Protein chains: 2
Amino acid sequence: MTDEKKPRRRPRSDGQRNRENLLTVAKAAFTAGEVDIPLDEVARRAGVGIGTLYRHFPNRDALIEAVYRAELDRLANAAPTLAAQHPPVEALRAWMRLFVDYIAAKQVIAPALNGLVGGTCALYAQSGTILQNAIEGLVSAAVASGDINADIDPLDLLRALAGVSNYAAGPGWETSAKRLVDILIAGSRRTTP
Amino acid sequence: MTDEKKPRRRPRSDGQRNRENLLTVAKAAFTAGEVDIPLDEVARRAGVGIGTLYRHFPNRDALIEAVYRAELDRLANAAPTLAAQHPPVEALRAWMRLFVDYIAAKQVIAPALNGLVGGTCALYAQSGTILQNAIEGLVSAAVASGDINADIDPLDLLRALAGVSNYAAGPGWETSAKRLVDILIAGSRRTTP
DNA sequence: GATATATGCGGAGCATTACTCCGCTTAACA
DNA sequence: TGTTAAGCGGAGTAATGCTCCGCATATATC
């Protein structure tokens, strides 16, 4: 049934190079706040035709997802490291702060999510899974150690943070977001009977 | 300096009626999840020309803001009532839950915010002020009564809730959001020394 | 090297949609 | 009932997402 044909040829080198160029240009544009940049313009800056762009990324969302996938991976990969270095609750706190830092520094994830969540939730669902797994590991460890409540849904924490990042604006935003991290942690703590 | 000319005539009745129709249709569409509905279609459903739509609402954002302004007002107006009926912390909790209910029932605020926050933050800033005032009143009362921490920024709570509403999806969302309310309240509580 | 061919390139062209412009209509006022 | 300006309507414009298909070229074979 699964008639997967092994590719007979190696992928063409120029194809991969163009793909890289497109991702680089798109990431730069999104980071600079040009979330609504016309795709023609992305193709032009990358020095390829519009057709090439659409072959690599069948629509706008696909391009955006590809750009952020790498970023999200890096964020997710930090989770195990932190878990190894800190006690559970502090690892969770550290990761959440890292999340904030990440958004603050790059200002990349938030604006992109905005344009997407409305239409195709699929993107968020797919990319989000990576982050979900990351935070779930941290939370379950903290639950196991008895530090935080068992009925915490890790996704709730993630959603709250992502939400705050949406409205990131003004200079005081970052400290405000970190305050929220502390509130969330405190609110998740197991009420010592 | 303020050369405000008193309008010489009363506004035309059909003008107001058309405006109402447009708002009604737009609200219905947005509530039904058709956030990306073409404006021509809105005009058509309202039985007016596209030109009429654009005279009343110079662009898409203006229409969306007008639709939600009324909703937000109702939400904000509930705050004083709740404050009169409950002790401070419970009033705050009740209002936050109401916020969630509101979004859950209407599914109106969230998808609209999505399409907007990215581009023009002005809308959120303007409409948001209404909600900001509402929650600030509740929070400061709870601070005054000594129930919650003084360094809580009401906006943080609001942002977290709004954020969760952005990713509202799936059946279990509402209960999840209410759990978050409790987490936020618990995390805001003054640590009794 | 030379040849064959699949893989990838490129941009003209189509469809959709936000927004404008201006002549016509009609409600408000005398 | 006549005058007038506020308001109506939709054809038209510009911008943008996306498709299609002939052409170019990197890869594999001899």
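The values are calculated or read from the model by the stated rules, or taken from the named source; none is laboratory data. None of the values given here were measured: they were computed from a predicted structure. Every residue, glycine among them, receives a Cβ derived from its backbone with ideal geometry; neighbour counts consider all protein chains shown. All accessible areas refer to the heavy atoms of the entire protein, side chains included, with ligands and DNA or RNA removed. Shrake-Rupley method; radii C 1.70, N 1.55, O 1.52, S 1.80 Å.
On the given criteria, is residue A:63 part of a helix (DSSP H, G or I) and either open to solvent by less than 30 Å² (accessible area, probe 1.4 Å) or near DNA strand D (Cβ under 7 Å from one of its atoms) (or both)?
Values: part of a helix (DSSP H, G or I): yes; either open to solvent by less than 30 Å² (accessible area, probe 1.4 Å) or near DNA strand D (Cβ under 7 Å from one of its atoms) (or both): yes.
Against the criterion (part of a helix (DSSP H, G or I) and either open to solvent by less than 30 Å² (accessible area, probe 1.4 Å) or near DNA strand D (Cβ under 7 Å from one of its atoms) (or both)), residue A:63 qualifies.
Residue B:39 meets all of the listed conditions (1) in contact with a helix residue (DSSP H, G or I) (Cβ under 9 Å, 6 or more places away or on another chain); (2) open to solvent by 60 Å² or more (accessible area, probe 1.4 Å); (3) within 7 Å of DNA strand C (Cβ to nearest atom) but one, namely (2). Applying a threshold of 7 Å to beta carbon distances and a minimum spacing of six or more residues, or different chains, the list of pairs starting in the range A:85-96 at a residue that is in contact (Cβ under 8 Å) with a residue 40 or more places away in the chain and ending at one that is open to solvent by 30 Å² or more (accessible area, probe 1.4 Å) and not in a helix (DSSP H, G or I) reads A:88/A:145; A:88/A:147; A:89/A:147. Please work out if residue B:23 is away from DNA strand C (no atom under 11 Å from the Cβ), more than 14 Å from every other protein chain (Cβ to nearest Cβ) and farther than 24 Å from residue B:164 by Cα. Yes, satisfied.
Within the range A:45-60, take every residue that is outside any loop (DSSP other than H, G, I, E, B) and in contact with a helix residue (DSSP H, G or I) (Cβ under 6 Å, 6 or more places away or on another chain) and give me the one that is farthest from DNA strand C (Cβ to nearest atom). Give the steps one after another, and end with the answer.
Within the range A:45-60, the first condition is being outside any loop (DSSP other than H, G, I, E, B), and the residues that meet it are A:45-46, A:50-56, A:60.
Retained after the next criterion (residues that are in contact with a helix residue (DSSP H, G or I) (Cβ under 6 Å, 6 or more places away or on another chain)): A:45-46, A:50, A:52-53, A:56.
On the way: A:45: 12, A:46: 8, A:50: 4, A:52: 4, A:53: 8, A:56: 6 Å.
Residue satisfying both the conditions and the ranking: A:45.
A Cβ distance below 7 Å, combined with a sequence gap of six or more or placement on separate chains, defines the contacts here; from the range A:147-172, residues that are closer than 21 Å to residue B:174 by Cα and facing chain B (nearest Cβ under 8 Å) reach residues that are part of a loop (DSSP other than H, G, I, E, B) and modelled with pLDDT under 80 in the pairs A:159/B:167; A:162/B:167.
This table checks each residue for (1) modelled with pLDDT of 85 or more; (2) part of a helix (DSSP H, G or I); (3) surrounded by fewer than 19 Cβ atoms within 10 Å (Cβ to Cβ).
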residue: B:119; (1), (2), (3): no, no, yes
residue: B:126; (1), (2), (3): no, yes, yes
residue: B:131; (1), (2), (3): no, yes, no
residue: B:142; (1), (2), (3): yes, yes, no
residue: B:158; (1), (2), (3): no, yes, no
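Can you confirm whether residue A:74 is away from DNA strand D (no atom under 16 Å from the Cβ), modelled with pLDDT of 80 or more, within 30 Å of residue A:185 (Cα to Cα) and open to solvent by 50 Å² or more (accessible area, probe 1.4 Å)? The answer is yes for residue A:74.
Evaluate the following for residue A:79: is it surrounded by 17 or more Cβ atoms within 10 Å (Cβ to Cβ) and within 18 Å of the chain's Cα centre (by Cα)? Spell out the reasoning first.
Details: surrounded by 17 or more Cβ atoms within 10 Å (Cβ to Cβ): yes; within 18 Å of the chain's Cα centre (by Cα): yes.
In short, yes.
For the range B:27-36, taking the residues that are touching a residue at least 60 places away in the same chain (Cβ under 8 Å) and more than 19 Å from residue B:16 (Cα to Cα), the one that is farthest from DNA strand C (Cβ to nearest atom) is identified as B:31.
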